[in-house]
Amino acid sequence: MAQKEKFVYRFDEGGKEMVDLLGGKGAGLAEMTKIGLNVPPGFTITTKACIAFLKNGGFPDGMMDQVMQALHDLEQKVGRSFGDEKNPLLVSVRSGAPVSMPGMMDTVLNVGLNDRTVEGLAFMTDNRRFAMDAYRRLIQMFGEIVYGLPHEEFRERIEELKAKEHYDEDRFTVQDLQWLIDQYHTIYKKYGKSFPQDPQTQLVESIKSVFNSWNSKRAVAYRKMNGIRDDMGTAVSIVAMVFGNMGDDSATGVAFTRDPNTGEKKVFAEYLTNAQGEDVVAGIRTPKYIDDMKNEMPQVYSDLMKTCDILEHHYRDMQDIEFTVERGKLYLLQTRTGKRSARAAIRIALDLVDEGIISEEEALMRITPSTFDRIMHPQVKVTGKETPLGKGLAASPGAASGMIVFSSERALEIGKTKKMILVRPETTADDVRGMAVCEGFLTQKGGMTSHAAVVARAMGKPAVVGVEAMSVNVNDRTVTIGNRVFKEGDVVTIDGTSGFFYEGELPVEKPTIDEYSSRLLKIADRYRRLGVRANANTPEEAKLARENGAEGIGLARTERMFLGNDRIGIMRSMIMSETTEERKKYLDQLLPMQVHDFVEFFRTMEGYPVIIRLLDPPLHEFLPNKEDILRQIYDINSGKGNREDLPYLERLLKTVRDLEEFNPMLGFRGCRVGLVYPEIYDMQVRAIIEAAVKVIEEGRTIYPEIMIPLVGHHNELKKIRARLEETAKSVKNHEKVKYKFGTMIEIPRACVTAHKIAEYADFFSFGTNDLTQMTFGYSRDDAEGKFMFFYLENGILESDPFSSVDRDGVGELMKIAVERGKRTKPDLEVGICGEQGGDPDTIEFCDEIGLDYVSASPHRIPVARLAAARSNIAREKPEMTQTAKY
């Protein structure tokens, strides 16, 4: 007879290695049980059971039998019985996916209470107030989670009672709680429901609801935002209840073993006395801090500190712990790797290296490029003249401005057409979809471990929470701060680094790389193979790139240098020239300007290579729009303009018409211009060599590399290089300059004939934008404007090929080019300089196929340095890819 599949594991049967089966919460509870920490007993229903339930619409065969057996074992262990009127066992029904999804799925507490067992609980604990409070919480949670009754209606009754009696809910009397329970039953009745008195029905329906919460809108949205698979399912942990609402010697709380916002090595904890379950993370009441616990509950404080230390060393990482204190005794309800801000993630990783807990490689693998990218979030540019509207807790760093919206539904209606700040009394898991389209969050209630704070840090968005001085009225869509009232549409700026928020839109600035980030990058530099260069169009950008750690310039676009007010007129005159002599006259005027540009580049990148791309775009891009010229001619002919301008405008119009093309990006541009009008490239190469000589004679070491764009046939490069070599040698003292000639590989034909092109090139540099356009047959601007969104939404393409390299198509062409090019010339230098050079996935691919360097925008240099190191570590030590990532 075949053995039945096991769907239920007691906590003493599992461990952290079973996270895929038991979920994060179940595996954590089992692991803490295994190492001897004080965990309430219980059992976990596996993710496999959830997957089967969602697929078939019912529990898998044998699951409930195993649940009832495990429940019986639990009764024996605690000495209480589920549903017993005199000595009732109560349980919590808790969700827990294999990947942390804080607040996205459901939990039901106090399951097993009814009109009779509540009396037994009151007698057993000699605390009727506590028993009634637990019961009203179950009725509320069951109604919201199982039946989908509106959360707001339950909260309205609580707020009504608080306003009437003038005290907070932790001071509600037995009579208050009985009134609330009666009101809750009225809400049920309003929606045609009734609270089930049978404890087993409560348990079954709660398990179903937790399973179903895997596919809730908020959970699906969260998975989509964070790249989490949909087929994992959630486990369900059934845990014997311990109670934080039994009086002032009881509490519920959340602790991080290090500060999740700054990374500082100190326990960060918040708790509420005489409270239960979700009160802390829901932000319903503003919690107390760990220092208060030291005075209020010294033994619990001591136990918690020891527990944090044990768990952090056991898991080798910062932990996020949920705990309950019942009559002075500490119980652990969850441990998981803690969410943290980007800066905290970097500091924690480095501190753990210093403490000998993890290696440098592991630290690098823990910090994802996207995490590092978030430290470059803007900050409010403080001048000293700003007057804050108020201050709350700085829950997630960064700064953002936007119009106020008061609900996630409204945020979703507006979509991404406007920048928004979500202002709420407190956020709940249902707000996640709206939070995703907002720039940042501002809440009246909640602490550093509240839902808004945790989600903001996970999203990398700024948040200010716990602003007790403001009053949010969601129904009226207003927020009152002091004597001022703000409504939807008013603009505010929040600073999640300082906790201040301001009226209107304030200027922001990019932060500098701090000591921890700088140190991480220096470690990354030791572990990477790929070089990292920068795409820079101006000396200012080159300077920023050098400050960010660039090892040279991978692409300097010379066309951008001709757009200044002192140059564009000369450039247009050169283009309009009808003879070579006339063209040279204007090029001679541009020559000293180009020399000046290149001198500044070389000085900034002293000791590093500088790749300068010769003129690439179609010449018509330097000329005015044809319609604008026609309008000016029409105005002059209508007597509105200066007739002396007419001959120039007519000549300009003729040039524009002569240069018109059906498809200019495949037309007269790049090396084709350099072949037809060789004097243009002659001027640029002369400027490069003259600038190089000048800088070398200043005593500096430089490495100029000259890149010829859009080569598709080896004869193009052969002919152009031969001429430009002669131009270079005509410059006085040219022999002092060690220069290279190479080409941009951006045409599919160039990839497959790379072995021939390499005969005339010292280096290749992939231009992924044009290579992608020509490989797919897409015009980037048209694709992104018309159909790319549809292709991505409908799964036709997995990702935007203009953002990250298309490995199967463009990537294969790149591999061919590298292999064939290096076969002809083994010392051929090969890199990438398109926009994708700063994309971590593309960097990993470039590392795999043996490129020598990547080139990214100046702001992406730090991310590229980290991504290159992680790629090299993953290739040399594949086991490192299993490291937790932040």
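The values are calculated or read from the model by the stated rules, or taken from the named source; none is laboratory data. Computed from a predicted model, the values in this text were never measured in an experiment. Because the Cβ atoms are built from the backbone with ideal geometry, glycine has one as well, and the counts that use them run over all protein chains shown. The area values use the complete protein model at the heavy-atom level, side chains included, leaving out ligands, DNA and RNA. Shrake-Rupley method; radii C 1.70, N 1.55, O 1.52, S 1.80 Å.
Can you find a residue in the stretch 126-146 that is among the acidic types (Asp, Glu), on the phi > 0 side of the Ramachandran plot, open to solvent by 40 Å² or more (accessible area, probe 1.4 Å) and more than 40 Å from the chain's Cα centre (by Cα)?
Checked the stretch 126-146: at least one residue is among the acidic types (Asp, Glu), on the phi > 0 side of the Ramachandran plot, open to solvent by 40 Å² or more (accessible area, probe 1.4 Å) and more than 40 Å from the chain's Cα centre (by Cα).
Taking Gly36 as the residue in question, decide whether it is surrounded by fewer than 20 Cβ atoms within 10 Å (Cβ to Cβ), among the small types (Gly, Ala, Ser) and at pLDDT below 95.
The answer is no for Gly36.
If I filter the stretch 47-80 down to residues being touching a strand residue (DSSP E or B) at 6+ places or on another chain (Cβ under 6 Å) and not hydrophobic (A, V, I, L, M, F, W, C), which single residue comes out as modelled with the lowest pLDDT?
For the stretch 47-80, the residue satisfying everything is Arg80.
So how many residues does the stretch 1-33 have that are in a helix (DSSP H, G or I) and open to solvent by 30 Å² or more (accessible area, probe 1.4 Å)?
Looking only at that region, the number is 9.
Arg258 is checked against (1) outside any helix (DSSP H, G or I); (2) modelled with pLDDT of 95 or more; (3) charged (D, E, K, R); (4) within 30 Å of Met68 (Cβ to Cβ) and fails just one. What number does that condition carry?
Unmet condition: (4).
Condition first: part of a helix (DSSP H, G or I), open to solvent by 50 Å² or more (accessible area, probe 1.4 Å) and over 19 Å from Asn473 (Cβ atoms). Can you find one or more residues in the stretch 147-164 that meet it? Don't jump to the end; show me each part of the working.
Step one: of the stretch 147-164, the residues part of a helix (DSSP H, G or I) are 151-164.
From what is left, the residues that are open to solvent by 50 Å² or more (accessible area, probe 1.4 Å) are 151-152, 156, 159-160, 163-164.
Still in the running and over 19 Å from Asn473 (Cβ atoms): none.
No - not one qualifying residue is present in the stretch 147-164.
Could you list, in sequence order, all residues of the stretch 775-807 that are modelled with pLDDT of 85 or more and aliphatic (A, V, I, L, M)?
Residues satisfying the conditions are Ile796, Leu797, Val805.
Out of the residues in the stretch 98-108 meeting the condition of being open to solvent by less than 20 Å² (accessible area, probe 1.4 Å) and over 14 Å from Glu322 (Cα atoms), tell me which one is farthest from the chain's Cα centre (by Cα).
Only one residue tops the list, namely Val108.
In the stretch 788-810, is there at least one residue being assigned to a helix (DSSP H, G or I), of a type in the set (D, E, K, R) and more than 26 Å from Thr743 (Cα to Cα)?
Yes, the stretch 788-810 contains at least one residue that is assigned to a helix (DSSP H, G or I), of a type in the set (D, E, K, R) and more than 26 Å from Thr743 (Cα to Cα).
Might you check whether a residue that is open to solvent by 20 Å² or more (accessible area, probe 1.4 Å) and either in contact with a strand residue (DSSP E or B) (Cβ under 6 Å, 6 or more places away or on another chain) or in contact (Cβ under 8 Å) with a residue 24 or more places away in the chain (or both) occurs anywhere in the stretch 626-639?
yes
For the structure I just gave you, tell me whether Arg433 is surrounded by fewer than 22 Cβ atoms within 10 Å (Cβ to Cβ) and either farther than 23 Å from Glu144 by Cβ or in contact with a Ser or Thr (Cβ under 8 Å, 6 or more places away or on another chain) (or both).
yes
Just one of Leu646, Leu675 is over 29 Å from Lys719 (Cβ atoms), assigned to a helix (DSSP H, G or I) and either without any contact (Cβ under 8 Å) to a residue 40 or more places away in the chain or open to solvent by less than 80 Å² (accessible area, probe 1.4 Å) (or both); which is it?
Leu646
Can you name the residue in the stretch 540-582 that is over 27 Å from Arg519 (Cβ atoms) and among the polar types (S, T, N, Q) and is also surrounded by the most Cβ atoms within 10 Å (Cβ to Cβ) among such residues? Spell out how you get there, then give the answer.
Taking the stretch 540-582 first, the residues over 27 Å from Arg519 (Cβ atoms) are 555-582.
Applying the additional criterion that residues be among the polar types (S, T, N, Q) yields 558, 565, 573, 577, 579-580.
Details: Thr558: 20, Asn565: 6, Ser573: 16, Ser577: 18, Thr579: 8, Thr580: 12.
Here the residue is Thr558.
Is it the case that Glu361 is buried (at least 22 other Cβ atoms within 10 Å of the Cβ) and among the acidic types (Asp, Glu)?
no
Within the stretch 88-110, is even one residue touching a Leu at 6+ places or on another chain (Cβ under 6 Å), farther than 30 Å from Trp214 by Cβ and either in the same structural domain as Lys189 (by TED's automatic domain parsing) or not in a loop (DSSP other than H, G, I, E, B) (or both)?
For the stretch 88-110, residues touching a Leu at 6+ places or on another chain (Cβ under 6 Å), farther than 30 Å from Trp214 by Cβ and either in the same structural domain as Lys189 (by TED's automatic domain parsing) or not in a loop (DSSP other than H, G, I, E, B) (or both): absent.
Within the stretch 460-487, can you find the residues that are surrounded by 16 or more Cβ atoms within 10 Å (Cβ to Cβ) and over 17 Å from Glu426 (Cα atoms)?
Correct list: Gly460, Phe486.
Would you check which residues across the stretch 44-55 are surrounded by 21 or more Cβ atoms within 10 Å (Cβ to Cβ) and closer than 19 Å to Val99 by Cα and list them? So that I can check it myself, show each step before the final result.
The first filter runs over the stretch 44-55 and keeps only residues surrounded by 21 or more Cβ atoms within 10 Å (Cβ to Cβ), leaving 44-47, 49-50, 53.
Selection gives Thr44, Ile45, Thr46, Thr47, Ala49, Cys50.
Determine which member of the set Asp248, Asp231 is open to solvent by 10 Å² or more (accessible area, probe 1.4 Å), touching a helix residue (DSSP H, G or I) at 6+ places or on another chain (Cβ under 8 Å) and either acidic (Asp, Glu) or more than 22 Å from Val118 (Cβ to Cβ) (or both).
From the options Asp248, Asp231, the qualifying one is Asp231.
Go through (1) outside any helix (DSSP H, G or I); (2) modelled with pLDDT under 95; (3) buried (at least 19 other Cβ atoms within 10 Å of the Cβ) for Thr772 and report which single condition fails.
(1)
Check Gln197, Gln183, Gln175 and return the single one that is open to solvent by 40 Å² or more (accessible area, probe 1.4 Å) and outside any helix (DSSP H, G or I).
The conditions single out Gln197.
Pick out, from the stretch 299-378, the helices (runs of 4 or more DSSP H) lying fully within it that include 3 or more residues that are modelled with pLDDT under 95.
So the answer is 342-354, 369-374.
Wholly within the stretch 435-481, which strands (runs of 3 or more DSSP E) include no fewer than the required count, namely at least 1 residues that are of a type outside the set (A, V, I, L, M)?
Hits in the stretch 435-481: 440-443, 470-473, 478-481.
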